[in-house]
Amino acid sequence: MLKLAGVSKTFSIGSINEKRALDRVDLSLKPGEFVTVIGGNGAGKSTLFNCISGMYEIEEGQIILDGMDITNQPEYKRSRYIGRVFQDPLKGTAFDMTIEQNLAIALGKGQPADFRPGVTKKNIKYLQERLALLDLGLEDRMKDKVGLLSGGQRQALTLLMATLVKPKLLLLDEHTAALDPAIAKKVMELTRQLVEKENLSTLMITHNMKASLEFGTRTIMMHDGKIIMDIKGEERNTMTVDKLIAQFEKRSGTALENDRMLLS
Ligand SMILES: Nc1ncnc2c1ncn2[C@@H]1O[C@H](COP(=O)(O)OP(=O)(O)O)[C@@H](O)[C@H]1O
Ligand SMILES: [Mg+2]
């Protein structure tokens, strides 16, 4: 479904701040595969997503999505079939528009302007059904502006919007990290449900080592712009957080600097 071959990204080339954030990364995802991504601060996880989504051009390598070479495709085109949810709940929705307006926009994603569905009665019924899945009571608040919602509610809505039209690839970048623990748990469960039900090919960055093993069927660990571990199958089934940390320290030659990864 997704194939990265030798993808490199360097920031500030030629300056003293030159930083190779991705170093010849290879990665293949099967259709419907749910992969968790871990690694310390600055490992290159977000850069990986930014290169896949087209926010950044890469200087070397190739990106294939569903058989299509998207290496040089502009971001706005890729956004039609790549769903993204960021850490910041303010990013994914338009706060000054109502819930139903936001959802209608998500429903029209990838379609030419003339064909985009408006907020029709038929749509609203469908959108209400989808909203009810969130179990947050938002289906009764369709005319409320999104700015009235809590961070967790917005993030759940963003997730629903990112998957309303089935994306070829879903990218989740620590999408629950800014939420209160209780709602974070709920959004993670919702993530699991949506990914499984829709069989979505998904990459999910998390700082939570436990979650990285509990969700999906495969875990990759990044360090210094490289994928240093790729755990799946039987190895994944028997992996524990302790083993994961030990292997990380062995392969990266550094201790996990990030307490956050261990504590949560
Ligand atoms: N826009 C940018 N300009 C310059 N350097 C960047 C930029 N984005 C990321 N970097 C650098 O690239 C490296 C990887 O960053 P990032 O992908 O954000 O790491 P992670 O998400 O794993 O914490 C870091 O050293 C970071 O400082
Ligand atoms: Mg990041």
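The values are calculated or read from the model by the stated rules, or taken from the named source; none is laboratory data. Everything quoted here is computed from the prediction, not taken from an experiment. Using ideal geometry, Cβ is built from the backbone for each residue, glycine included, and neighbour counts are taken over all protein chains shown. Surface accessibility is based on the protein's heavy atoms, side chains included, excluding ligands, DNA and RNA. Shrake-Rupley method; radii C 1.70, N 1.55, O 1.52, S 1.80 Å.
Magnitude of the Cβ-charge dipole of the chain, K/R +1 and D/E -1, about the Cα centre, nearest 20 debye?
The dipole magnitude comes to about 580 debye.
On alpha carbon coordinates alone, what is the Rg over Rh value for segment 182-264, Rh being the Kirkwood radius?
Working: Rg = 13.4 Å, Rh = 13.8 Å.
With Rg and the Kirkwood Rh in hand, the quotient comes to 0.97.
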What angle do you read, to the nearest 10 degrees and between 0 and 90, between the alpha-carbon axis of helix 181-198 and the longest principal axis of the chain? 80
Could I have the simple spin-label model distance between VAL165 and ASN17, label points 7 Å from Cα toward Cβ, reported in nm to one decimal? 3.6
Shape call, segment 143-236: gyration tensor on alpha carbons, a/c limit 1.5: prolate
Estimated FRET transfer efficiency (GLU234, LYS121; beta-carbon r; R0 41 Å; 0.05): 0.20
Please name whichever of ILE227, LEU244, ALA184 sits farthest to the positive end of the charge dipole of segment 116-248, dipole taken about the Cα centre and charges placed at Cβ: Lys and Arg +1, Asp and Glu -1. ALA184
Could you state the principal axis extents of the C-alpha atoms in segment 29-173, from the largest down, to the nearest angstrom? 48, 37, 27
Plugging the Kirkwood radius over Cα pairs into Stokes-Einstein for the chain, at a temperature of 20 °C and a viscosity of 1.002 mPa s, what D comes out in µm²/s? 111
Heavy-atom accessible area of segment 97-232 with neighbours in place, 1.4 angstrom probe: carbon+sulfur share in percent works out to 53
Any chance you could give the angle, 0 to 90 degrees and rounded to 10, that helix 151-164 forms with the longest Cα principal axis of the chain? 90
Whole-percent carbon and sulfur contribution to the accessible surface of segment 1-95 (1.4 Å, no ligands, DNA or RNA) stands at 49
Relative contact order (percent) for segment 1-78, with alpha-carbon contacts under 8 angstrom and 6 or more residues of separation? 37
Heavy-atom surface of the chain, accessible at 1.4 Å and reported per residue (Å²): 49
